[in-house]
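The values are calculated or read from the model by the stated rules, or taken from the named source; none is laboratory data. All figures in this text were calculated on a predicted structure; none of them were measured in a lab. All Cβ positions, even for glycine, are placed from backbone atoms using ideal geometry, and neighbour counts span all protein chains on display.
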Amino acid sequence: MKHLLHIFITVVCFAVVAGCADNSRLRDDIDRAGQLADTRPDSTIALLDSLSPAIKQADKATRMRYDLMLIKSRDKAYIEHRNDSMIAPVVEYFTDHTDPDLTPLALYYAGRVYSDLGDAPRALDYYQQALTTIGDDTIAHYNIYKVCLSQMSELFMYQRLYRYALESAEKAVDFSNELTLPIDYLSIGKSYSLLNVHDSTYLFYKKAYELASMRGDSSLIYRVQHQFIEYYYKIGDFKKADSIISKLNMEYILQDKEQLYSIISKVKIANDNYNAALPYLKWLVDSGNIHGKCYANAELANYYSKQDDDYKTSVKYLNKYIELFDSSTNLLKIDAVTKIQGYYNYSIREKENNALLKKDSKKNLLIVILVGSILLIVSIFLFIVRDIQRKRLDLKCRNFTLQEIIESTRKNSQEHCSKLQAKIDELEELLNKIEEVNSSAVIIKLKKSRTLLSEAMSNAEERAENHLKLMSSPIVIEFHDRLRTGKRILPSSPEWNELSQIVDEYNPGFIEKLVSVCRLSDREMQISLLLKIEFFPIEIAEFLGLSPSAISSIRKRLMKRTFSEIENAPKNWDEFIRLL
């Protein structure tokens, strides 16, 4: 019996070890497939399908990892997610069993799934959870952090939350590389376009076009040109829009073919060139969606009504337009209601989150106060008990009379009171010194900074003209050309001095005001000058040969040094420099 027991235990141990080894090998294969999904998603799906029989026998951790990588590969292969049956248990597992790499990934793909399902508020919530899970460890999760911000920007646009879209797109720029930067510039430009800020729209579209041209990326150039056509049409410069249409490479028209044909036909009609618009209008009539068909039939009806003896054709298109109009209008109403509902849901979700945060903070404060009170009471009780025990011991060791004990106690009390009074006097003197220092240094400094900001906010029109002159000056153009062409030559001291002088010329007293509120090193002054001539932080890092995190740290340090009572976020320093 003893031998049989030993054999049984040995077999079980071997089975457990073998099972662990199998799960380990499976996880390695799944991880390799996940890496392959970034470049060859179709091959990844086939590879994961081949692992499917083994997955059925694997443990839960391995199965959840497999499901996550399958969701990732399908998303990379542009296979639309039809339901949340697979992602829901994956998210639940990786939030309960936190993994530094896979938990943010699971939350991101939950956002992708719900985005495909049309549930924008829930998708935004999962993207935000992914960012919160990553926290300050953005370098290790660079790609996920970046794509979460980009996806959030697109969803905010769809929800008509344009300012939130702009904020997410601007944050994404801080994590961009040379491949994604033009796309992020395009997103920022589109956000500004939706906010009707035309100057900024043009600026970012131009930056995106320049970077796309430097890379020779024809597909990206086409995307920027498409946005430029809509931009010029929106501001009424139809000739300029038509000139860009003539340069379009039509072979890159894919998913947005309908949208492009619609804007091209509008530009041609605006330029009174109906004949050039006809092919695009007829394509929309045959192959467009209900909105495109409705618009195209109306335009064709209008066109043929102006032709001699062609009223029958005009009436045919007019009848078709009337037939489609009600359906198109109903769809637009449904879309508007959906977006308004999404905005409402997002607002409600934000209010609920803020309410929960306040409730939690109150609970935490109550717990801290309660624990502190209990500790204080216990400390006082122990002190009293120990003092009583010490006095009893003293009475036993020393055979004092009652009068001697009273005299001794009074004497000790007087000495203790005099020592306490001396300490109190020292504290009052120290507090007076602190108050004097605060009033003479920090408060004056903050008041001075606030005064400078108030002055900067006035005379806005004059400042705008001066800023345009500054950006047109030769030295500023030279600095921007170096950044655009990628020259790795740092400016010389005379060039920095020239830039400093020209900035001070068009912003009188800029250097003096800046130095008066904050002592700057040469490097800190250079960064502030580059911010003044509209360099982005990531561009400053590239221009000066520093890391983006170093630029962020310097701006944060300057903000803290200048405004001690204000949130020392790096972007606050950028705003201060622009307003100064």
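The conditions of being farther than 17 Å from Leu544 by Cα and among the β-branched types (Val, Ile, Thr) are not met by Val476.
Just checking, which of Glu178, Glu170 is surrounded by fewer than 21 Cβ atoms within 10 Å (Cβ to Cβ) and part of a helix (DSSP H, G or I)? Just a single option satisfies the conditions, and that option is Glu170. Only residues that are aliphatic (A, V, I, L, M), assigned to a helix (DSSP H, G or I) and closer than 18 Å to Asp75 by Cβ were counted across region 107-158, and they come to 12.
Hey, among Thr132, Thr98, which residue is at pLDDT 85 or above, of a type in the set (S, T, N, Q) and outside the structural domain of Asp42 (by TED's automatic domain parsing)?
Only one candidate passes the filter, namely Thr132.
In this structure, does Arg519 turn out to be surrounded by fewer than 15 Cβ atoms within 10 Å (Cβ to Cβ) and not in a helix (DSSP H, G or I)?
Values: surrounded by fewer than 15 Cβ atoms within 10 Å (Cβ to Cβ): yes; not in a helix (DSSP H, G or I): yes.
Answer is yes for this residue.
Could we say that Ser327 is at pLDDT below 75, surrounded by 10 or more Cβ atoms within 10 Å (Cβ to Cβ) and assigned to a helix (DSSP H, G or I) here? Judged against the criteria, Ser327 is a match.
On the given criteria, is Tyr232 at pLDDT 85 or above and either among the charged types (D, E, K, R) or surrounded by 14 or more Cβ atoms within 10 Å (Cβ to Cβ) (or both)? Step through it out loud before you land on a result.
On the way: at pLDDT 85 or above: yes; either among the charged types (D, E, K, R) or surrounded by 14 or more Cβ atoms within 10 Å (Cβ to Cβ) (or both): yes.
Yes, satisfied.
When region 534-572 is filtered for residues that are under 19 Å from the mean Cα position of the chain (by Cα), modelled with pLDDT under 85 and of a type in the set (S, T, N, Q), the ones remaining, listed by number, are Asn568, Asn572. For region 176-198, a tally of residues being touching a residue at least 40 places away in the same chain (Cβ under 8 Å) and under 11 Å from Leu149 (Cβ atoms) returns 1. Against the conditions (1) surrounded by fewer than 21 Cβ atoms within 10 Å (Cβ to Cβ); (2) of a type outside the set (Asp, Glu); (3) within 15 Å of Ile71 (Cβ to Cβ); (4) out of contact with any Asp or Glu (no Cβ under 9 Å at 6 or more places or on another chain), Pro104 satisfies every one except (1).
Can you list the helices (runs of 4 or more DSSP H) lying wholly within region 235-294 that have 3 or more residues being modelled with pLDDT under 85 and under 21 Å from Arg223 (Cβ atoms)?
Details: elements: 238-245, 257-270, 274-287.
Of the helices (runs of 4 or more DSSP H) lying wholly inside region 235-294, those with at least 3 residues that are modelled with pLDDT under 85 and under 21 Å from Arg223 (Cβ atoms) span 257-270.
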